[in-house]
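For reference, the structure discussed in these notes is given below.
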Amino acid sequence: MPIRIVTLIFWAFNFFHALGDNDIDSLLYQLENCPDSSRYSILTSLAGSYYYANQLEISAKYYKMAADLEEKRTEPNLRHISESYGNYGYCMNELGRSSEAIFWYNKALEAALLNYDSTEIAAQHSNKGISYFLMGNYEKSIENYQKALAIDKALDTKETIGIDYSVIGNVFATWNKHEKAKDFFRSALEIAQEVNNPNQISTRLNKLASSCISLQQYDSALIYLNKSLSIAEGLKNDSRLVVILTQIGYAYQKSEKYDLAQEFYTKALHETEQSKDIKSEVLLFTNIAENHLSLANYFLAEEYCMKSLKKALEIDLAETVLKNYELLKTIQYINGNYKKAFEYAQLHSELKDSLFNNESQKKLTEFQVIYETEKKDNEIKLLSAESLVRDIQIKKAKQRLYFFIVISLLFVLLFCLVYYQYSQRKKINTILAEKNEQLGLLNSTKDKFISIIAHDLKNPFSAFCNISSALYQKKSKLSEIEADQLTSSLYHSSLKLKDMLNSLLDWARLQKDKIEVTKESVLLHDVVASSIEFNMDLCKPKNITILNKVDPAIFITTNKNTLLSVINNVLTNAIKFSNDDQSVFISSISKNNHVDLIIEDHGIGLSKSEVDLLFRIDVDSRKIGHSKEKGTGMGLILCKELLEKVNGTIRAESELGFGSKFIIKLTST
């Protein structure tokens with residue numbers, strides 16, 4: 001059974017590898033037969049395929065070809081050039097040639113700067129930061145990451161800003177500047193909390209804890225780690241749990257709480273069985289061995305040391321192998337096995353020398369590449385001098401062209417301005433002519449209205465004079481009943497005269513805008529109830545009932561006194577023109593942001609042509625209607641103009657012989 005599984009895995013690997021090869025073959029075929037417009041896309045796709053096939057040299061070659069192709073175009077896409085050179089540099093980093101990577105990142109940066117592409121500029125500074133970090137030049141690494149951070153802050157990309165803070169913290173931590181590292185990790189954590197990213201919050205808590213451990217602040221480290229553990233458990237991330245549990249164990253170990261350390265190392269060991277993370281398992285074995293050594297459990301210390309050493313050699317973790325040799329040397333020395341202790345000491349010394357020599361050779365190579373890079377940079381600067389002169393000449397030519405365009409635009413703008421002023425003046429003259437015509441019509445209408453009012457006032461004044469004259473001249477000859485009738489007529493004539501004068505005065509004040517209204521939120525039902533109570537004396541002689549059907553929950557925005565005056569006027573008319581023993585209905589209908597207040601009577605009614613004349617000041621109201629009771633018509637005109645003051649309207653519906661309905665439209669609260 002195991003042989004079959006291995007065969008199946010081998011077959012699957014070959015299948016997907018072949019699939020990748022087929023993809024590359026297909027792209028190579030397309031490259032030979034494609035139009036020039038598609039070549040860049042195919043070249044970058046080929047580069048990507050070779051990258052994922054771990055053929056980094058070939059991948060870099062195709063990225064370079066893509067950049068060269070784009071540079072030769074009449075109108076090159078600077079973003080494409082920047083991305084291609086950047087990816088070339090990334091391949092160099094992967095190949096361990098960080099100095100070369102910096103050269104290509106600089107090329108990418110030049111294109112991004114010419115394109116004013118802030119995102120790409122920040123990306124290339126970050127890439128340079130990686131290369132300088134890998135070379136051990138932490139100062140230059142920080143410098144480039146700080147530039148990327150400044151751009152990302154200007155762009156306000158929260159996630160990227162958080163990553164910048166975190167990476168700068170990593171560089172300071174590797175540089176053993178742990179206090180500075182803590183500051184940046186804390187800023188990165190704040191960003192992660194702001195965007196509510198649990199994965200990033202957990203990771204950055206771990207990094208803060210690592211800095212605290214390096215500074216021997218073990219209690220603080222444990223606080224951060226326990227918070228991170230709580231989040232990781234919710235995320236069910238086995239690999240993360242292994243790292244956190246191992247860190248907690250290490251923090252307890254460094255604070256000499258070896259039993260607690262062993263407890264968390266055991267939990268971490270259990271999680272490695274779920275995560276299958278061999279590297280974490282190897283490092284964990286080394287930590288457990290070191291902890292057992294502190295507890296004087298030399299047998300267990302040696303057992304875990306050997307487990308770690310075996311797997312570290314398999315996956316080529318040189319630093320961990322070196323650590324295990326040192327631990328085994330110590331264990332054998334304590335156990336009295338001096339020969340074995342000496343052997344492990346030799347192995348430790350040889351590996352350390354080898355690592356040092358490799359590092360020295362790497363540094364030497366990098367210094368040589370830096371020299372070559374600087375030399376090439378100088379050559380490029382010399383070659384680009386002529387190009388710079390040409391650029392200046394082109395720039396001057398463009399400036400002359402821009403000057404001509406600006407002057408032309410100014411002439412066009414001046415012409416447009418003159419034409420606009422002419423058309424505006426013509427428009428204003430037309431409006432003034434229309435306004436003058438409207439004003440003449442309005443004056444004519446008002447003159448007619450004043451003539452009607454004067455005629456209406458004449459009758460009550462004449463009646464008043466006649467009755468008062470009769471009372472004065474014949475008071476001794478009049479019976480008590482005749483005297484009562486005359487005084488009653490005199491009283492009602494004076495009331496009618498007073499109402500007409502008040503209405504006329506109110507209308508005059510409205511025309512001069514001397515009536516000021518302030519709006520407030522009022523309960524419509526209560527205002528209607530007040531009006532009904534005010535008019536009850538008018539109802540009694542005719543035995544008329546007024547029914548208030550207004551919704552008691554409706555609030556409107558209006559002036560209470562203005563509205564009350566309008567309702568009183570309309571309700572007075574409804575009572576006046578209703579027959580004996582009838583009812584007047586007052587109701588409401590809510591519609592979106594307004595309310596219709598309806599006052600309905602069942603009196604004699606009006607024809608449609610008469611309804612159209614109700615709110616006109618140029619019509620004699622005495623000619624409207626069929627009732628013996630006549631009004632002046634001033635009341636409805638006042639109602640209309642008062643309602644306009646509070647953004648309201650009034651209209652009438654009526655049918656001859658069936659009564660009238662007045663609808664007052666009001667703004668709801």
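No value in this document is a laboratory result; all are computed from the given coordinates. Since we're looking at a predicted model, the values are computed, not measured. Neighbour counts run over all protein chains shown; Cβ positions are idealised from the backbone, glycine included.
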>> I'd like the distance between the alpha-carbon centres of the stretch 564-589 and the stretch 27-69, rounded to an integer number of Å.
In response: 89 Å
>> Let me make sure I get this right: for the stretch 22-107, a, b and c are the square roots of the gyration tensor eigenvalues over alpha carbons, sorted descending. Under 1.5 in a/c it's rounded, otherwise prolate if a/b > b/c, else oblate. Which is it?
In response: oblate
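How much length is gained if the chain between S607 and L417 is pulled fully straight, taking 0.36 nm per residue apart and subtracting their Cα-Cα distance, in nm to one decimal?
Extra length from S607 to L417 when fully extended: 62.8 nm.
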> So if we plug the beta-carbon distance of E263 and E94 into 1/(1 + (r/R0)^6) with R0 = 30 Å, what FRET efficiency do we get, rounded to 0.05?
Replying inline: 0.15
> Modelled label-to-label distance, I589 and E159, 7 Å Cα→beta-carbon offset: nm?
Replying inline: 5.5 nm
>> Please compute the alpha carbon radius of gyration of the stretch 69-129, then divide it by the globular-protein estimate 2.2 N^0.38 Å. Two decimals is fine.
In response: 1.06
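Which of the peptides 67-78, 25-36, 590-601 is most tightly packed, and how do the rest follow, judged by the mean count of other Cβ atoms within 10 Å per residue? Write out the running numbers ahead of the final one.
On the way: 67-78: 14.6, 25-36: 11.8, 590-601: 16.8.
Top to bottom by mean Cβ count within 10 Å: 590-601, 67-78, 25-36.
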> For the stretch 253-297 and the stretch 405-423, what is the separation of their Cα centres, given in Å?
Replying inline: 82 Å
>> So if I take the centroid of the Cα atoms in the stretch 523-553 and the same for the stretch 90-119, what is the distance between those two points in Å?
In response: 86 Å
> For Y338 and L295, what does the FRET efficiency come to when R0 = 30 Å and r is the distance between their Cβ atoms, rounded to the nearest 0.05?
Replying inline: 0.85
> What FRET efficiency would be calculated for the residue pair T74, Y52, taking the C-beta separation as r and a Förster radius of 30 Å, to the nearest 0.05?
Replying inline: 0.35
> Using 7 Å Cα-to-Cβ label points, what is the I394/T649 separation (nm, one decimal)?
Replying inline: 6.5 nm
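What does the charge count around Y116 come to, taking other residues whose C-beta lies under 13 Å from its C-beta (Lys +1, Arg +1, Asp -1, Glu -1)?
For residues surrounding Y116, the net value is -2.
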> For L215, what charge total do you get from the other residues with a beta carbon under 15 Å from its beta carbon, if Lys and Arg give +1 and Asp and Glu give -1?
Replying inline: +3
> Once you put a point 7 Å from the Cα of A483 and another 7 Å from the Cα of D277, both along the Cβ direction, what distance in nm separates them?
Replying inline: 11.8 nm
